[in-house]
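A short write-up of the structure that comes next.
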Amino acid sequence: MKIVAREIPPRTVWALEQAGVHPLLARLFAARGVRAKEELDDGLALLLPPDTLHGTREAAVLLADAIAQDKRLCIVADYDCDGATACAVGVRGLRLLGAKNVSYLVPDRVVDGYGLTPPIAERVAASGADMLITVDNGIASVEGVAAAKARGLQVLVTDHHLPGPELPSADVLVNPNQPGCGFESKSIAGVGVMFYVLLALRSELRRRGVFDTATQPKLDALLPLVALGTVADVVRLDANNRRLVAQGLRRIRAGAMPAGVAALFKAAGRNASVATTFDFGFALGPRINAAGRLSDMTLGIECLLTDDAGRAEELARMLDGINRERRDIEGGMRDQALLLAESLFAADGDGIEAPPPAISVFDAGFHEGVVGIVASRIKDRFHRPTFVFAASGAPGKEQELKGSGRSIPGFHLRDALDLVAKRHPGVLLRFGGHAMAAGCTVAREHFDTFEKGFAQVARELLAESALTRQIETDGPIAREYMRIDLVDTLHREVWGQGFAPPTFSEEVEVVSQRLVGEKHLSLKLRHQGQPIDAIWFSHTEPLPPKVKLAFRLDADEWQGVRRLRFLVEGAEF
């Protein structure tokens with residue numbers, strides 16, 4: 001592991017300080033590309049205009065006509081947190097804007113697979129719907145859209161994923177990544193796309209005189225859901241996404257949120273009044289995602305839709321229980337996957353056992369709903385592109401393996417799969433995804449061919465330097481900033497993918513160390529001559545007396561007393 005410090009442009013830091021930004025925040029923001037204080041303004045007025053997102057005007061007209069004609073609308077959602085929040089935003093928003101008949105359908109991960117398939121289109125048509133609206137999926141559903149159109153359905157696709165070589169023949173496509181779309185925030189989440197469609201629809205309804213600026217529904221009530229889905233989907237937090245998240249957090253901290261969001265905070269043991277992006281990514285998001293992984297995402301969506309606090313708490317408790325089950329399954333799978341991965345190690349030129357350039361593992365006992373999480377854990381452990389496979393649970397497809405992959409910087413996972421498919425025709429039955437995450441299906445008999453082919457592609461495309469994990473940090477932290485109140489200041493900001501949480505690095509003295517809970521390293525350190533406690537979660541190997549650490553600042557509370565501590569992210573020695 002190598003710890004590297006971000007470049008911090010001193011003139012920008014000075015300019016931000018002169019504009020009134022706290023000196024520590026000025027340094028952190030400048031290192032993340034912020035050039036002026038105006039870029040930190042999270043006001044709604046600064047959101048990118050809806051009409052710059054290609055297709056929103058046409059979508060608004062389509063939906064306004066449907067509302068005027070009292071058509072029956074059915075939303076087809078994805079089974080992750082982005083899809084669940086996008087569905088809830090769609091249902092709530094359309095009802096606010098006058099739609100009287102809005103239903104939804106979410107595919108089963110095991111039985112239906114991903115996206116709008118022809119069977120899903122048939123189910124929507126059989127339900128009596130007039131219009132099918134996809135959220136967080138659909139851009140690759142060429143056959144599914146065709147099936148829906150053949151049954152006489154109008155189809156509106158709202159998505160944010162990368163399109164394939166052929167676009168579906170929907171009535172309207174709204175996707176910032178479709179050809180010809182100039183929308184600046186290419187990394188907006190699926191829930192953000194749906195929110196933008198609703199903004200455009202409200203504008204169209206104003207134009208038609210349905211209401212004016214004084215009587216129009218307030219869509220900002222949906223922002224807590226937009227913020228949750230955006231962070232949980234780990235999209236890049238560009239300026240527009242940061243504004244959406246900041247606005248959602250502001251409302252949650254003030255107590256203005258759907259009953260289900262409040263219930264999820266309670267179930268997770270988190271305090272909504274000091275909500276952070278960490279809560280979205282590591283507390284609420286996983287509980288919603290667990291429903292799609294092990295059960296039925298309808299539970300997650302219903303939790304986000306209900307306005308009954310008692311019902312919301314009941315559903316949140318159910319989601320919490322499913323998430324506990326998910327953690328148990330994941331733990332056993334992770335241990336087995338680690339053993340399988342280590343069996344692939346080979347001696348390098350110095351005789352040291354090292355992982356291959358890419359890792360693919362399969363076990364008949366793996367659960368397909370958890371393969372993505374386990375792939376992420378293996379990737380983090382060995383810093384290699386990783387695929388984890390499980391046998392398909394779909395009827396008649398028992399000989400197919402469904403894999404989920406996670407990558408490292410410098411290796412585009414979907415492009416790698418494309419190369420494997422070209423070199424080994426017939427091995428990949430289906431695949432898709434992004435640079436850092438992707439999914440694929442292979443026949444069980446072809447798993448070995450995939451494993452070797454994927455490793456070979458990684459061997460050719462990955463530079464040696466990319467195989468060493470790097471942690472980017474903000475360098476040393478001055479003693480004057482080692483204060484609890486500054487921990488709170490940092491936590492109030494919007495951090496996430498592409499706008500990394502503050503991580504510092506320095507050489508420290510290890511005074512003592514011990515294991516807690518058999519899997520976490522508890523440390524007493526000397527930092528700049530002063531004692532400080534630290535914890536390194538999921539790490540058991542001891543540290544030398546002096547070591548360079550990458551760490552985040554955290555507040556540890558014990559018996560009502562809050563103390564500063566380090567959360568260790570990595571070590572270089």
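Only the coordinates and a few stated rules stand behind these numbers; no lab work does. Every value quoted in this text rests on a predicted model; they were computed, and no experiment measured them. Here Cβ is always computed from backbone atoms with ideal geometry, including for glycine, and neighbour counts include all displayed protein chains.
For the reader, a short list of remarks on this structure follows.
- Student exercise, segment 127-194 dipole from Lys, Arg, Asp, Glu Cβ charges, in Debye to nearest 20: 40
- For the pair segment 424-456 and segment 160-218, the centres of their Cα atoms are 33 angstrom apart.
- Simple Cβ-charge dipole of segment 289-373, Lys/Arg +1 and Asp/Glu -1, about Cα centre, in debye nearest 20: 100
- Neighbour counts of other Cβ atoms within 10 Å put E122, E507, E541 in the fewest-to-most order E541, E507, E122.
- Out-of-range pairs (alpha-carbon distance over 29 Å; input K37/K546; K71/K397; K519/K546): K37/K546; K71/K397
- Segment 279-319-segment 105-131 distance, computed between alpha-carbon centres (Å): 21
- Taking the number of Cβ atoms within 10 Å of each Cβ as an exposure proxy, the fewest-first ranking of D328, D554 is D328, D554.
- With helices as the sole contributors, the chain gives -12000 deg cm²/dmol at 222 nm; each DSSP H run of n ≥ 4 counts as -39500 (n - 2.57), and the sum is divided by every residue.
- Remark on F566: its backbone amide H falls under 5 Å from those of D533, A534, I535, a criterion applied only to residues 5 or more positions apart or on other chains, H modelled at 1.01 Å from N.
- Each of I252, L315, G475 was scored by the projection of its Cα onto the charge dipole of the chain, and the greatest displacement toward the positive side belongs to I252; charges sit on the C-beta of Lys, Arg, Asp and Glu.
- For segment 86-189, the calculated P(r), taken from all Cα-Cα distances in 10 Å bins from zero up to the bin holding the longest distance, is 15, 46, 33, 5 percent.
- If only the Cβ of Lys and Arg carry +1 and only the Cβ of Asp and Glu carry -1, the dipole of the chain around its Cα centre is close to 900 debye.
- Using θ = phi - 60° and Karplus 6.51 cos²θ - 1.76 cosθ + 1.60, couplings along segment 525-533 (whole Hz; Gly, Pro as x): 10, 10, 10, 6, x, 10, x, 8, 7
- Sorted fewest first by neighbouring Cβ atoms within 10 angstrom, M194, M482 come out as M482, M194.
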